[in-house]
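Here the structure is laid out as structure tokens; the discussion comes afterwards.
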Amino acid sequence: GIQVEQSPPDLILQEGANSTLRCNFSDSVNNLQWFHQNPWGQLINLFYIPSGTKQNGRLSATTVATERYSLLYISSSQTTDSGVYFCAGGHGSSNTGKLIFGQGTTLQVKP
Amino acid sequence: DAGVIQSPRHEVTEMGQEVTLRCKPISGHNSLFWYRQTMMRGLELLIYFNNNVPIDDSGMPEDRFSAKMPNASFSTLKIQPSEPRDSAVYFCASTPYGARDTEAFFGQGTRLTVV
């Protein structure tokens with residue numbers, strides 16, 4: 001199966017700073033999602049982005065499918081952005097929605 | 001829609017007991033997934049169903065684990081007998097298989113503690 005590598009594993013920011021999280025895939029993917037796991041353990045959907053660029057408020061994501069990576073940008077970070085960010089992708093002849101997860105980036109935003 | 005609904009939210013049980021976790025997918029979604037999250041292994045897929053049929057159970061750790069989907073709106077994950085190493089958070093997710101965008105949505109998870 002595919003391998004998903006996220007970097008950095010840990011990140012500490014001062015409130016208001018910007019950051020970029022990266023996700024590399026060992027093989028091509030036909031679906032790709034970014035999630036935020038909040039301190040209560042909930043997995044919150046951020047982006048469904050198998051290719052291209054999307055923006056939602058202070059967050060945006062870009063996937064370059066041909067080069068097998070995706071980036072998540074967080075601008076003007078807030079303490080509520082703290083938590084673990086996961087990327088996950090799936091591949092194969094049929095797009096079932098099955099996901100392989102990376103190990104996550106743990107973000108701490110300090111006031 | 002209420003989203004993916006899992007129950008119970010927390011379960012504490014003694015080693016050797018049977019544990020049943022429940023999931024109701026989003027209405028209209030025809031693919032359902034069970035994932036497990038641990039500190040050591042992260043989030044891993046256990047099994048998934050398409051149209052109520054199990055497609056891939058290669059992630060199920062051993063025969064003590066079984067999953068069923070008797071209809072489009074309900075699935076169970078059963079552990080019998082449970083062991084302390086089964087302690088984890090178990091997530092259920094659903095997607096609209098066959099749709100253009102197969103975005104997965106997750107339930108709030110069941111935190112299982114086996115003592």
Worksheet entry | Kirkwood Rh in Å, taken over all unlike Cα pairs in chain B | 14.1
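Averaged across A:96-106, how many Cβ atoms of other chains sit within 10 Å of each residue's Cβ atom?
Details: counts 11, 19, 13, 10, 3, 6, 2, 3, 2, 0, 0.
If you average over the peptide's residues, the count of other-chain Cβ atoms is 6.
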Worksheet item: Where does the charge balance sit around residue A:76 when Lys and Arg score +1, Asp and Glu -1, over other residues with C-beta under 11 Å from its C-beta?
Response: -1
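Determine, from the Cβ-Cβ distance of residue B:68 and residue A:28 and an R0 of 30 Å, the FRET efficiency 1/(1 + (r/R0)^6), rounded to the nearest 0.05.
On the way: r = 33 Å, r/R0 = 1.10.
The calculated FRET efficiency here is 0.35.
For peptide B:32-42, what's the mean number of Cβ atoms from other chains within 10 Å of each residue's Cβ? Show your work: numbers first, answer last.
Details: counts 1, 4, 0, 4, 0, 5, 0, 0, 0, 1, 7.
Mean partner shielding for this stretch: 2.
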Discussion item. Using the basic label-point model (7 angstrom from Cα toward the beta carbon), what is the residue B:38 to residue B:2 distance in nanometres?
Written reply: 3.1
Worksheet item: Which lysines have a Cα lying under 18 Å from the Cα of residue B:78, excluding residues fewer than 8 positions away in the same chain?
Response: B:24, B:68
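So what is the diffusion coefficient of the protein assembly as shown in µm² per second by Stokes-Einstein at 4 °C and 1.567 mPa s, using a Kirkwood Rh over Cα pairs? Let's see the in-between values first.
Details: Rh = 18.0 Å.
Result for D is 72 µm²/s.
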Worksheet, complete the sentence: So the FRET efficiency between residue A:55 and residue B:9, C-beta based with R0 = 30 Å and rounded to 0.05, is 0.35
Worksheet item: What FRET efficiency, computed as 1/(1 + (r/R0)^6) with R0 = 22 Å and r the Cβ-Cβ distance, is obtained for residue B:53 and residue B:111, rounded to the nearest 0.05?
Response: 0.15
Worksheet item: Which residue, A:99, A:72, A:32, has the most motion in a Gaussian network model of chain A that connects Cα atoms within less than 10 Å?
Response: A:99
Item to complete: Please provide three numbers in whole Å: the alpha-carbon extents of the stretch B:10-57 along the principal axes, with the largest listed first.
Response: 35, 22, 18
Item to complete: Apply the Debye scattering formula to chain A, with a single equal point scatterer on each alpha-carbon and no solvent, then give log10 I(q)/I(0) at q = 0.11, 0.18, 0.23 Å⁻¹.
Response: -0.32, -0.82, -1.29
Practice prompt. Could you look at chain B and say what percent of its accessible area is carbon and sulfur, using a 1.4 Å probe and all protein chains?
Written response: 49
Worksheet item: Whose amide H sits under 5 Å from the amide H of residue A:37, counting only residues 5 or more places off or on another chain, with H placed in the peptide plane?
Response: A:44, A:84, A:85, A:86
Worksheet item: Other chains near B:102-112: what is the mean number of their Cβ atoms within 10 Å of each residue's Cβ?
Response: 5
Practice prompt. Would you grab the residues whose amide H sits under 5 Å from the one on residue A:103? Only those 5+ places off in sequence or on another chain, please, with H modelled 1.01 Å from N.
Written response: A:6
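How much net charge surrounds residue A:64 when only the other residues with a Cβ under 14 Å from the Cβ of residue A:64 are counted, with Lys and Arg +1 and Asp and Glu -1? Intermediate values should be presented prior to the final figure.
Details: positive: A:22, A:54, A:68; negative: A:67.
Residues close to residue A:64 contribute a combined charge of +2.
The values are calculated or read from the model by the stated rules, or taken from the named source; none is laboratory data. All of these numbers come straight from a predicted model, not from anything done at the bench. Cβ sites come from the backbone with ideal geometry, for glycine too, and all protein chains shown count toward neighbours. Note: accessible area is taken over every heavy atom of the protein model, side chains too, but ligands, DNA and RNA are not part of it. Shrake-Rupley method; radii C 1.70, N 1.55, O 1.52, S 1.80 Å.
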